[in-house]
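Enquirer: This is the structure I have questions about; it appears just below.
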Amino acid sequence: MTVLVNEVVETIVIEHGQQGIPGPPGLDGAGVLQVDTDGVLTATTVVVDSVLATLVRSVKWLVTVIDTVTGAQQSFEVYATKTLADVEHQVFGRVGDVLDVNTNVVFQSSSLQLQITNNEANPIDVQALRIATAV
């Protein structure tokens, strides 16, 4: 693939299974990050990911939840932004098997936190890809 970077033509090769172009350099929390949370028990809420609100303007998470017993899985997107008073978020694009999980984004300790609550009878694994825009 050929891309134009700062008026210079660069050729890059992206192979299957390799990391793509990184996000903005030098900022913790900005750019792209994969996070995994395994073995979330029934009736448990976990913080899947947390990012400092001072470093990002908005965050999108691509989330996949997997029932560890049945293998059922559901994927969806969560979009969040820090407002003047709090944090707003929206969950959309749910596809796959029906799993009983609650999704929330809260503003806690100066961070935007993605929380998942497992309401399933079985433990779940959660995989999320964070895409954040820098301040």
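The values are calculated or read from the model by the stated rules, or taken from the named source; none is laboratory data. What you see is a predicted model; the values in this text were computed from it and never measured. Don't worry about glycine lacking a Cβ; one is built from the backbone with ideal geometry, like all the others, and counts go over all protein chains shown.
Enquirer: How many of the residues in region 60-88 are at pLDDT 95 or above and either within 24 Å of T42 (Cα to Cα) or among the aliphatic types (A, V, I, L, M) (or both)?
Expert: 19
Enquirer: Restricting to region 81-127, what's the tally of residues that are over 17 Å from L62 (Cα atoms) and among the basic types (K, R)?
Expert: Qualifying residue count, region 81-127: 1.
Enquirer: What residue, among those in region 65-81 that are touching a residue at least 24 places away in the same chain (Cβ under 8 Å) and surrounded by fewer than 16 Cβ atoms within 10 Å (Cβ to Cβ), is nearest to Q115 (Cα to Cα)? Explain how you work it out, then say what you get.
Expert: Pass one, region 65-81, residues touching a residue at least 24 places away in the same chain (Cβ under 8 Å): 65-70, 72-74, 76, 78, 80-81.
Narrowing the set further to residues that are surrounded by fewer than 16 Cβ atoms within 10 Å (Cβ to Cβ) leaves 68-70.
Values: T68: 19, V69: 22, T70: 22 Å.
Here the answer is T68.
Enquirer: (1) touching a Phe, Trp or Tyr at 6+ places or on another chain (Cβ under 9 Å); (2) buried (at least 19 other Cβ atoms within 10 Å of the Cβ); (3) of a type in the set (V, I, T): which one isn't true of V91, the others all being true?
Expert: The failed condition is (2).
Enquirer: Which members of region 89-103 meet the condition of being assigned to a strand (DSSP E or B) and either in contact with a Ser or Thr (Cβ under 6 Å, 6 or more places away or on another chain) or among the hydrophobic types (A, V, I, L, M, F, W, C) (or both)? So that I can check it myself, show each step before the final result.
Expert: If we filter region 89-103 for residues that are assigned to a strand (DSSP E or B), which is where we start, we get 89-96, 101-103.
Residues satisfying the conditions are V91, F92, V95, G96, V101, N102.
Enquirer: Which of the residues spanning region 29-64 are within 16 Å of Q113 (Cα to Cα) and outside any strand (DSSP E or B)?
Expert: G29, A30, A53, T54, L55 - these are the residues of region 29-64 that are within 16 Å of Q113 (Cα to Cα) and outside any strand (DSSP E or B).
Enquirer: I want to confirm something. Restricting to region 116-125 and keeping residues that are of a type in the set (V, I, T) and farther than 13 Å from V78 by Cα, which single residue is surrounded by the most Cβ atoms within 10 Å (Cβ to Cβ)? Spell out how you get there, then give the answer.
Expert: We begin by selecting, within region 116-125, every residue of a type in the set (V, I, T); these are 116-117, 124.
In the following step, the residues that additionally are farther than 13 Å from V78 by Cα were identified as 117, 124.
Working: T117: 17, I124: 28.
For region 116-125, the residue satisfying everything is I124.
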